[in-house]
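Every number here is computed from the coordinates shown, using simple stated rules; none is lab data. Just so it is clear, the model here is predicted, and its values are computed rather than measured. With ideal geometry, Cβ positions are generated from the backbone for all residues, glycine too; neighbour counts draw on all protein chains shown.
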Amino acid sequence: MHLILTGATGVVGSAVLRAMLIAPMVTKVTILSRRRVLQAEGQSKVDVVIHQDFENYNAELMERLKDANGCVWALGIGQNAASKADYIRINKSYTLSFANALANTTGRNTPYIFIFISGEGATHSPGPLTTLYGRIKGETEIALLSLSNSVINGQDTLRVYVVRPGAVDPSDQPDIRDFIPKKGGVLGTIEPPVRAVMSVIYKRMHTPSKEMGQAIVTLATGTGGPLKAKGVEGGGRIVTNIGLRNLAGL
């Protein structure tokens, strides 16, 4: 089975890639990335496509992706790491551009499964105090779910899952440690103990990276049907962190 992955150098993407690499049902992984992906090097079933313009996808590239079962879209940037315009472009415009490109692919017998890595705090009903993160993630979710219900060229388009991880914790996954971004300063110092405390007293918001990656790959290799589990909302399409933990058997 062929899967597509973006954001493969981030924490979530690294965990998902690791799960794809060890999953026997995944026979091919195509990664769209601006730069080399160290974890993918030497992996025979991985094809890294260096792609710079995430708002445009040519016919040749889309033909290479035509036989994929689905896509895990883990590309994104933090609210404090970019201007407002860049934040919206990277987190919303890029996502919707690729989702639309997949939806308009012709000659397939089944729709792609599209898994959007959102996050806890995303909302479909923003208020005056809603953060940019919560609003833009929510707007992107709404647009994707709407696309999931549409028909283009006489065929179903996408089967979308929105996944909302909480505090992603890679501390028990040493096999991705060398590939994920290193945080310095105060944040890099306080995050590990905070995650350790959360794993004990606030489990509903704690997201172990290994189990998260495995659960996401299970979704990507499935049928794309609505989910029925505690913590799954939006007609079986929005997987909250509680839902993600349940799917992962935590």
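Quick notes on this structure:
- Note on K137: lysines with a C-alpha under 25 Å away, same-chain residues under 8 apart excluded, are K84, K92, K182, K183, K203, K210, K228, K230.
- Summing charges over all other residues whose Cβ lies under 14 Å from the Cβ of I90, with Lys and Arg as +1 and Asp and Glu as -1, gives +1.
- Segment S125-K66, length gained on full extension (0.36 nm per residue, minus Cα span): 17.7 nm
- Nearest-0.05 FRET efficiency for Q79 and K45, computed from C-beta distance (R0 51 Å): 0.90
- Unit charges at the beta carbon, dipole of the chain: most positive-side option, L158, H2, L247: L247
- If you bin all the Cα-Cα distances of region 2-247 at 10 Å, starting from zero, the percentages per bin are 7, 32, 40, 18, 3, 0.
- Residue exposure sequence - E141, E63, E233 - by fewest surrounding Cβ within 10 Å: E63, E233, E141
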